[in-house]
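Working notes, structure below.
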Ligand code: HEM
């Protein structure tokens with residue numbers, strides 16, 4: 001029998017992949033959305049894509065990543081809390097969660113036709129989840145300290 005915690009870990013990684021897909025794609029949609037005229041057909045199409053991505057993929061995926069991650073963290077003896085990488089991973093999770101909520105606010109700005117941020121802002125913000133994800137994966141796999 002495969003131990004239950006391995007199933008939980010598999011579900012955790014699946015949820016993380018879906019969450020990351022959204023965190024990497026939504027800022028790209030914002031970059032292209034900047035090129036549309038407010039009220040145009042293109043504007044409305046991006047609004048729909050952004051709303052669906054956030055509500056149907058990213059929100060449930062983030063919740064699932066947390067639920068399965070906390071279940072793993074609560075499994076006795078699984079995580080060695082004296083190791084430093086655990087806390088760098090936690091910091092990375094905070095960055096991703098902050099990015100998620102910031103993107104939610106930016107989406108609402110586009111939906112209300114009041115986005116004032118330039119395209120290069122969203123291009124730069126695209127790098128934040130990328131860097132946090134690279135750091136987290138190195139922490140959980142390499143466990144360097
Ligand atoms: C959302 C909050 C999160 C919590 C509470 C959490 C917690 C955990 C815990 C406790 C483990 C088990 C560690 C072990 O088996 O040694 C784990 C495994 C893992 N987590 Fe997370 N995690 C979260 C988010 C993430 C994110 C955002 C990523 C990637 C970007 C990630 C990637 C992984 C990977 C790849 C594993 C498997 C590591 C292995 O098998 O050695 N986690 N997580």
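Matching residues to (1) within 16 Å of the ligand (Cβ to nearest atom); (2) modelled with pLDDT under 95; (3) farther than 22 Å from residue 12 by Cβ:
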| site | (1), (2), (3) |
| --- | --- |
| 28 | no, no, yes |
| 42 | no, no, yes |
| 54 | no, no, no |
| 129 | yes, no, no |
Residue, surrounded by the most Cβ atoms within 10 Å (Cβ to Cβ), within the stretch 69-91, restricted to residues that are under 15 Å from the mean Cα position of the chain (by Cα) and within 10 Å of the ligand (Cβ to nearest atom): 89
The condition from (1) within 30 Å of residue 9 (Cβ to Cβ); (2) more than 10 Å from the ligand (Cβ to nearest atom); (3) touching a residue at least 12 places away in the same chain (Cβ under 8 Å); (4) out of contact with any helix residue (DSSP H, G or I) (no Cβ under 7 Å at 6 or more places or on another chain) that residue 104 misses is numbered (4)
So is residue 98 more than 13 Å from the ligand (Cβ to nearest atom) and either more than 22 Å from residue 11 (Cβ to Cβ) or at pLDDT below 95 (or both) or not? no
Have a look at 102, 91, 132, 124 and point out the one that is closer than 17 Å to residue 21 by Cβ and in a helix (DSSP H, G or I). 132
Step by step: first the residues of the stretch 107-121, then only those that are more than 19 Å from residue 58 (Cβ to Cβ) and in a helix (DSSP H, G or I), then the one that is nearest to the ligand (Cβ to nearest atom). Which residue is that? 121
Go through the stretch 25-48 and give me each residue that's surrounded by fewer than 15 Cβ atoms within 10 Å (Cβ to Cβ) and part of a helix (DSSP H, G or I). 28, 32, 41, 42, 44, 45, 48
Scanning the stretch 4-22 residue by residue, those within 9 Å of the ligand (Cβ to nearest atom) and closer than 17 Å to residue 52 by Cβ turn out to be 19
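The values are calculated or read from the model by the stated rules, or taken from the named source; none is laboratory data. What you are looking at is a predicted structure, and each value in this text was computed from that prediction instead of being measured. With ideal geometry, Cβ positions are generated from the backbone for all residues, glycine too; neighbour counts draw on all protein chains shown.
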